[in-house]
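Written out below as structure tokens is the structure these notes cover.
The values are calculated or read from the model by the stated rules, or taken from the named source; none is laboratory data. These numbers were taken from a predicted model, which means no experiment stands behind them. When we count neighbours, we look across all protein chains shown, and the Cβ atoms used for this are built from the backbone with ideal geometry, even at glycine.
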Amino acid sequence: MLLSQPIKVMWLQTISSIVLLLYLPSCTDPEIHPGFKIQEIEVGQGKDEVGKFDSVVLRYTGKFQDGTVFDSSGNESRKYSMRSATLIDGWKVGLLGMRVGGKRRLVIPPEMAFGKKGKARRIPPDATLIFDIELLEIR
């Protein structure tokens, strides 16, 4: 039995999504970077996934490893472009594949954040950052 092209594509997308959902909850892929982790807190129910050319609307809290909060959107939502040169690499990788309503914790090593320089007075050099992120919208 031959399947039509749209059915083949849907089948491959379904299989890919299942594999991704099984893999992401404990993602510590050393190919991305040692120390980078994605923890899937809640899988979103939206049909679209964040891609590298999208803009996203989200809420987040950023903490240091000791639990000290250094930044938070609070109850406000913030919009970011995945293409922005100012978006740290840890977010660019960690947000990919998220669906609206999803929640993730990202553990981002310094090399995927602000590195040896840090950022002004807020982020010290060589800081590992932890972000709790809730995706509200994909644009």
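Looking only at the range 77-110, filter to residues that are in contact with a helix residue (DSSP H, G or I) (Cβ under 8 Å, 6 or more places away or on another chain) and small (Gly, Ala, Ser); which one of those is farthest from residue 42 (Cα to Cα)?
90
Take residue 103 and tell me if it is surrounded by 13 or more Cβ atoms within 10 Å (Cβ to Cβ), in contact with a Cys (Cβ under 7 Å, 6 or more places away or on another chain) and at pLDDT 95 or above.
Judged against the criteria, residue 103 is not a match.
Take residue 54 and tell me if it is modelled with pLDDT of 60 or more and either more than 17 Å from residue 93 (Cβ to Cβ) or touching a Cys at 6+ places or on another chain (Cβ under 9 Å) (or both).
Here the answer is no, as residue 54 does not meet what is asked.
Give the residues of the range 89-139 that are over 15 Å from residue 63 (Cα atoms) and part of a loop (DSSP other than H, G, I, E, B), sorted by residue number.
Residues satisfying the conditions are 95, 96, 97, 98, 100, 101, 102, 115, 116, 117, 120, 139.
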